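S.K.: This is the structure, below, for whatever I ask next.
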Amino acid sequence: MDWRDIIYSNPNIYGGKPIFRNSRISVEMVLDLMAAGWAVEQMADEYPGILPEHLPAAAAFAAELIHDEQALVTSRARAA
């Protein structure tokens, strides 16, 4: 699963924050709920637009951001 198939950004929705396709649910919100310990069933009950595939997509998205951040930090350290 490629998170890019599920997550996108539109500058006209939530100021360009990443959201799930065909919804107005932000990746940030799903990550916050995951961090708070919510189960996918609980999320789906409270927010019907959240689908089971959103959770691994959100995790993959966040992981890639962290990897990219690490690469940026490493390249800056090498340049110094």
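The values are calculated or read from the model by the stated rules, or taken from the named source; none is laboratory data. Values in this document were obtained by computation on a predicted structure and should not be read as measured data. Virtual Cβ from ideal backbone geometry, glycine too; neighbours counted across all protein chains shown.
S.K.: Which pairs do you get when a residue that is among the β-branched types (Val, Ile, Thr), found in region 31-43, comes within reach of a residue that is surrounded by 10 or more Cβ atoms within 10 Å (Cβ to Cβ) and part of a loop (DSSP other than H, G, I, E, B), reach meaning Cβ atoms under 8 angstrom, with the pair 6+ apart or on two chains?
M.R.: So the pair list comes out as Val40/Ile50; Val40/Pro52.
S.K.: Sticking with this one: Checking Ala44 against (1) assigned to a loop (DSSP other than H, G, I, E, B); (2) at pLDDT below 95, only one condition comes out false. Which one?
M.R.: Going through (1) assigned to a loop (DSSP other than H, G, I, E, B); (2) at pLDDT below 95 one by one, Ala44 breaks only (1).
S.K.: Sticking with this one: Output the residue which, of all residues in region 1-28 that are assigned to a helix (DSSP H, G or I) and touching a Phe, Trp or Tyr at 6+ places or on another chain (Cβ under 8 Å), is surrounded by the fewest Cβ atoms within 10 Å (Cβ to Cβ).
M.R.: Trp3
S.K.: Restricting the search to region 35-54, which residues are surrounded by 15 or more Cβ atoms within 10 Å (Cβ to Cβ) and within 17 Å of Leu65 (Cα to Cα)?
M.R.: Within region 35-54, just His54 meets the criteria.
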